[in-house]
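Asker: Dumping the structure here so I can ask a few things about it.
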There are 2 protein chains.
Amino acid sequence: MINTRVAVAVHILALIASKPHDDLTSDYIASSVNTNPVVIRRLLGMLKKAELIQTTAGKAGASLTRDPADISLLDVFHAVEPKDNLFAVHGNPNPHCPVGKGIRRALDEAFGAAQDALERKLSSETIDGILHQLFDKA
Amino acid sequence: MINTRVAVAVHILALIASKPHDDLTSDYIASSVNTNPVVIRRLLGMLKKAELIQTTAGKAGASLTRDPADISLLDVFHAVEPKDNLFAVHGNPNPHCPVGKGIRRALDEAFGAAQDALERKLSSETIDGILHQLFDKA
DNA sequence: TATTGATGTAACAAAAATAGTTACATCTAG
DNA sequence: CTAGATGTAACTATTTTTGTTACATCAATA
């Protein structure tokens, strides 16, 4: 199972996008997410490093660097999940076994294709889409 | 990142499929995977519970319950990954916050669709496909 | 310009998930 | 009956994730 960082990061970005005029503090965000403010600030740091948001040290508030429609869940995923591969593969399979010898390559291909499918879908989903889910009357 | 169980389970099934005549012991499989035999036996237990393989207590060897072309990586994934949801979502977001109130549903939809995409791809990949990767001349 | 309240981060602690190990009951086959 | 295997529980170790404490630093303003 993938960690909650992606979910929390989307929550954070939805807050920022939906309250562009407020000065969102990490304390307020934390109370909405229901966690510790430092957890929020850590994620804000990652989102900033990924250039999805802007913040100023000492000053409350954060803003998106681009339109919510141009921030995909894949962007968020990559921002908070440093690992390249979705699936972990066991190390050092036995090279003297015909299966062990080639399994790494086979798994990398199969899992890579699956990850591609996931990422394609994630790249089609945006923060703007989340906002619509949250606020549009169906 | 998803645990190595899926990768190891595919490795195991590829071994079983490729050595239908040998009496594969958990010790041999462990030496190919490069781990402890008990780890293998645990996974064999899950694969058996998912009805992908058959084994006999006390007797070496395992066999697939159906053709390698009819065992998808999605079958394997579900066999060794009990959790339904690929993405974890933080619990108890604040219902008094407009975003916190609806975020769960929005995330479930977005992540659910992404998981669907992943699973569709995994269901199109089979143990037979892995065998071809391993043994076919390209 | 001193105070208040915020961010940024390091360091640590706690909790949860994963993987590895030991031990042993039980079964199969010779 | 014995040798060697599976099936599983219980424990340990490791790693990852999440939560917390502490504090340096910055911004705004009274």
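What follows is calculated from the coordinates using simple rules that are stated; it is not laboratory data. All values reported here derive from a predicted model rather than from experimental measurement. FYI the Cβ positions are ideal-geometry reconstructions off the backbone, even for glycines, and counts take in every protein chain you see.
Asker: Nearest 20 debye, what's the magnitude of the dipole of chain B about its Cα centre given +1 on Lys and Arg Cβ and -1 on Asp and Glu Cβ? All intermediate terms of the calculation are to be shown ahead of the outcome.
Answerer: Details: 15 positive and 16 negative charges, 92 e Å.
Its charge dipole is roughly 440 debye.
Asker: Rounded to the nearest Å, what's the spacing between the alpha carbon centres of segment A:1-74 and segment B:46-94? Just the number, please.
Answerer: When both Cα centres are located, 36 Å separates them.
Asker: Every other copy gets compared here: list the nm distances from the B:GLY112 label point (7 Å along Cα to Cβ) to its counterparts, shortest first, one decimal.
Answerer: 3.3
Asker: Under the convention of a label 7 Å out along Cα→Cβ, give the distances in nm from A:GLU51 to the same position in every other copy, shortest first.
Answerer: Between copies, matching label points for A:GLU51 lie 5.3 nm apart.
Asker: Collect residues whose amide H, placed 1.01 Å from N in the peptide plane, falls under 5 Å from the amide H of B:THR126; neighbours closer than 5 in sequence don't count.
Answerer: B:LEU73
Asker: Using only the alpha carbon atoms of chain B, find the Kirkwood hydrodynamic radius as the inverse mean reciprocal pair distance, in angstroms to one decimal. Mind showing how you got there, number by number?
Answerer: On the way: mean 1/r = 0.0594 Å⁻¹.
Taking the inverse mean of 1/r over all distinct Cα pairs, chain B comes out at 16.8 Å.
Asker: Measure nothing fancy, just the Cα-based angle from helix A:5-18's long axis to the longest principal axis of chain A, in degrees from 0 to 90, nearest 10.
Answerer: Computed tilt is about 30 degrees.
Asker: Follow-up question, since we're still on this one. How would you rank B:SER124, B:SER72, A:SER63, going from fewest to most other Cβ atoms within 10 Å of each one's own Cβ? Walk me through the intermediate numbers first.
Answerer: On the way: B:SER124 15, B:SER72 19, A:SER63 12.
If I rank by nearby Cβ atoms, fewest first, I get A:SER63, B:SER124, B:SER72.
Asker: Quote the relative contact order of chain B in percent (integer), defining contacts as alpha-carbon pairs under 8 Å separated by 6+ residues. Provide the component values of the computation, followed by the final result.
Answerer: Values: 130 pairs, mean separation 37.1, N = 138.
Here the relative contact order equals 27 percent.
Asker: Using a 7 Å offset from Cα along the direction of the beta-carbon, what are the separations from A:MET1 to the same position in each other copy, nm, ascending?
Answerer: Between copies, matching label points for A:MET1 lie 1.9 nm apart.
Asker: Can you give the FRET efficiency for B:ASP136 and A:ARG120, using 1/(1 + (r/R0)^6), R0 = 22 Å, r = Cβ-Cβ distance, to the nearest 0.05? Walk me through the intermediate numbers first.
Answerer: On the way: r = 27 Å, r/R0 = 1.23.
The pair B:ASP136/A:ARG120 has a calculated efficiency of 0.20.
Asker: To continue, here is another question. Just to confirm the number: angle between the C-alpha axis of helix B:98-123 and the first principal axis of chain B, 0 to 90 degrees, nearest 10?
Answerer: So the inclination is approximately 20 degrees.
Asker: If I model a spin label as a point 7 Å beyond the Cα along the Cα-Cβ vector, how far apart are those points for B:ASN92 and A:ASN36 in nm?
Answerer: So the label points at B:ASN92 and A:ASN36 sit 1.6 nm apart.
Asker: Gaussian network model of chain A, Cα springs within a sub-10 Å range: biggest mean-square fluctuation belongs to which of A:ARG66, A:ARG104, A:ARG41?
Answerer: Evaluated over chain A, the most mobile residue of the options is A:ARG104.
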